[in-house]
Amino acid sequence: MEAGGTSAEGTWIELAVSADLEAVEAVSEILARSAPGGVSVEPAFELVADGLAVTTDTSAPAIVRAYLPGIDRGRVRKAIAETRRALGHLQAFDLRPIGDLQSRVVHESDWAHAWKRHFPVLRVGRRIVIRPTWRRYRAQPGEVVIRLDPGMAFGTGLHPTTQLCLAGIERWADAGLVRPDAALLDVGCGSGILSIAAGLFGAGALVALDPDPVAIESTTTNAGRNQLAGRLSARQGSLPSGAGPFDLVVANLIASLLVDLAADLGSELKPHGRLLASGIFVDREGEVCEAFGAAGLEISARWAEGDWVALELRQPTIGRMPHQNSTPEGRQPHGD
């Protein structure tokens, strides 16, 4: 990384690492230590269906990115050194292929436009269409079109974990759970894509929570683009939300955070509420299930996309206590 040009406000340092999908979560946790605003994961993908859908290439490495404010050079240098050292320790364990740490200076004015070419109009599930604000699309009858500009916040719809959540929200809508009298909490909202999808399907009060102020700004702006400004409240912070309990909760995080927040997530639910938890790498699924079981929740559905898993959870039915590793019978893989 060049030392010059990193002290101006509005300048960021991008950290990027190429990683095998099985190593993505471990690499994400390392980068997140230096970038409290969170990380983004860009899987290798290919456009299909005339550009309206994507398939993820699980054999190719993903790119994990994080951004540091460039105004404090000393802090940036220290963060890069610590991240490189932690990645070196991880590489020593031979945890599938992990590339070298790359860093570069990114100016907000440049970044805000250069990345846009990577995001097409995207169909998820049967009815959801994600339309970047800079692309044209003619909506078809019955489609739920999300107008989205993620900016520097996570949540474009490309990543399998986001797609699993969107498909889960669509299933909730099909089952009549997303309705005007249903309140929804979006934990780790990023761009706001999940709470916006729920709002467009008809959910009433929407609360979006994220510790990153960039995510809150992005969610607020995207809510306005989708005529949901009056129903969606974006708040900077973490659990407990102070606004519950909720009928529906979505949490697209990573396994370690889901484990840490399992009890708090359960406490946000109404007695018959539903929780959709995603961002779980398949190797960490058992650990996450155990944490939710200990928090008094049972798994009612499971879906998978490649090596990523999403779980639907609820409080146990009367007369049945959750088992720590309980999973629903006849688990079906997810497929959009």
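Coordinate-derived values only; no laboratory data. On a predicted model such as this, the values are computed, not experimentally measured, just so you know. Ideal geometry is used to build each Cβ from the backbone, glycine not excepted, and the neighbour counts take in all protein chains shown.
Structure notes:
- Relative contact order [Cα under 8 Å, 6+ residues apart], the stretch 154-314, whole percent: 22 percent
- Theoretical gain in end-to-end length, Asp100 to Glu290 [0.36 nm per residue, Cα-Cα removed]: 65.0 nm
- Working from label points 7 Å from Cα in the Cα-to-Cβ sense, the Gln91 to Ala175 distance is 4.5 nm.
- Antiparallel bridges, percent of DSSP beta bridges restricted to the stretch 154-314 (to nearest 5): 40 percent
- For the stretch 250-302, the list of GluC sites (Glu not before Pro) that fall in a loop by DSSP and count at most 10 other C-beta atoms within 10 angstrom is empty.
- Length gained on full extension, Glu217 to Asp57, computed as 0.36 nm times the residue gap minus the Cα-Cα distance: 54.4 nm.
- Protection proxy ranking, highest mean first, for peptides 235-242, 64-71, 222-229: 64-71, 222-229, 235-242, where packing is the per-residue count of other beta-carbon atoms within 10 Å, averaged.
- Inter-site label distance for Arg126 and Arg73 at 7 Å from Cα along Cβ, in nm: 5.9 nm
- Amide hydrogen neighbours beyond the local backbone of Ala234, cut-off 5 Å, H modeled: Ala208
- Seen from all directions on average, the stretch 139-232 presents a Cα convex hull projection of 5.7 nm².
- Base-10 log of normalised Debye intensity for the stretch 154-314 (one unit scatterer per alpha-carbon) at q = 0.09, 0.14 Å⁻¹: -0.24, -0.60
- For the stretch 143-219 versus the stretch 235-278, the gap between their alpha-carbon centres in whole angstrom: 14 Å
- Taking 0.36 nm per residue of separation and subtracting the Cα-Cα distance, full extension of the segment from Glu143 to Ala81 would add 17.6 nm.
- Nitroxide proxy distance, nm - points 7 Å out along Cα→Cβ at Ser300 and Ala243: 2.2 nm
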